[in-house]
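So the structure is just underneath, and the comments pick up after that.
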Amino acid sequence: MEVLIFPNAQSLASKSADLVESQINAFPDSVIGLATGSTPLGLYQELIRRHLEHELSFKQVKTFNLDEYVGIPGDHPQSYRTFMDENLFDQIDIEKSNTKVPDGMAENPLDVGPAYEKLIEKAGGIDLQVLGVGTDGHIGFNEPTSSLGSITRVKTLTQQTIEDNSRFFKPDEFQPKLAITMGIKTILDARRILLLAHGENKAQAVCDMVEGPLSAFCPASALQLHQRTTVLIDEDAASKLRLKGYYKFVGEMQDDLVKKHKPSDWIAR
Ligand code: GLP
């Protein structure tokens, strides 16, 4: 796991946008896995800016979102489909038909997972997956004790996640307790993973993910098994890491190597 520590959320967003942009420049038809939540907003704003100012094009890009709430329609203000449309898709040149989000209103939500897996497979698999992390260490909506071998399916949210996400719902509004999420295996199958986290409230989850034991109790720790995961965090989210100094040292050594030799094989495919 490569751990990059940034002084603030802006520099983190800019570096993550560099990595996504290199992927798209190398493979304009890249398949990108996307996340919702407040964490990737800086990345999305940066991608929109680059689209408008530098003509970064998403014309051939295909996207798969990690998850969606069960029981609210795609046009609901709090659905992840609406989130993605408003915060990214409507502001870039992506073909809407190339953007997939699990259907939270399917007649049988239990059928959605296997069909979503097939769609990902048909697209050739995910080249680059963007992730955030929940305060309880969840990725997508894979809550603690999710099987490390799980694929896309319905999950029940923990009380902590329901509380964390209640800020987006009005006090008397229906807040879903179920979601459809890519599984941990689905995520680990991505060729490249970028996990973003900022703020002190993520410090424990980041520490458990990077330095804790590999355990279904912290689903994000499964990323320790992935060969090409880059964790991009700010100083606050890094504050509980025991080897923080070491990760910075690795970063300097890496920069040095890249200056002297060919850039690393960052691009996935
Ligand atoms: C939700 C999403 C996750 C996201 C997490 C963190 O539960 N399903 O994909 O990573 O929230 O959200 P935030 O970035 O707002 O802290």
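FYI, it's all coordinate maths here, none of it is from the lab. Predicted, not measured: the structure shown is a model, and the values here were computed from it. Note that each Cβ is placed from the backbone with ideal geometry, even for glycine, and that neighbours are counted across all protein chains shown.
Full extension from Lys248 to Leu225: what is 0.36 nm times the residue separation minus their Cα-Cα distance, to one decimal in nm?
Details: separation 23, 0.36 × 23 = 8.28 nm, distance 2.14 nm.
Length difference between fully extended and current span is 6.1 nm.
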Using a cut-off of 28 Å between alpha-carbon atoms, which lysines can reach Lys240, once sequence neighbours fewer than 8 places away in the same chain are excluded?
Lys15, Lys185, Lys202, Lys248
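Take the alpha carbon gyration tensor of segment 141-251, find the square roots of its eigenvalues, order them as a ≥ b ≥ c, and report rounded if a/c is under 1.5; if not, report prolate when a/b exceeds b/c, else oblate.
Oblate is the answer for segment 141-251, as a/c is 1.5 or above yet b/c matches or exceeds a/b.
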If Lys and Arg each add +1 and Asp and Glu each add -1, what is the summed charge of the other residues whose beta carbon sits under 14 Å from the beta carbon of Phe141?
-2
Please identify the GluC sites (Glu not before Pro) of segment 1-90 that satisfy two criteria: DSSP loop assignment and at most 14 other Cβ atoms within 10 Å. Which are they?
Glu55
Calculated log₁₀ intensity ratio I(q)/I(0) where the Debye formula runs over C-alpha points of the chain, q = 0.13, 0.14, 0.16 Å⁻¹
-0.83, -0.97, -1.31
Within segment 15-58, which residues have the backbone N less than 12 Å from the label spot 7 Å out from Asn87 along Cα→beta-carbon, could you tell me?
34-46
To make sure I understand the rule: partners must be lysines, Cα under 16 Å from the Cα of Lys177, and not fewer than 8 residues away in the same chain. Which ones qualify?
Lys155
Cα-centre dipole for the chain with unit charges at Cβ (Lys and Arg positive, Asp and Glu negative), debye to 20
700 debye
Which of the aspartates and glutamates could a cross-linker bridge to Lys59, judged by Cα under 20 Å and excluding same-chain residues fewer than eight apart?
Asp18, Glu21, Asp29, Glu46, Asp85, Glu86, Asp90, Asp93, Glu95, Asp127
Determine the gain in length on full extension of the stretch Ser147-Asp29; use 0.36 nm per residue of separation and subtract their C-alpha separation, reporting nm with one decimal.
39.4 nm
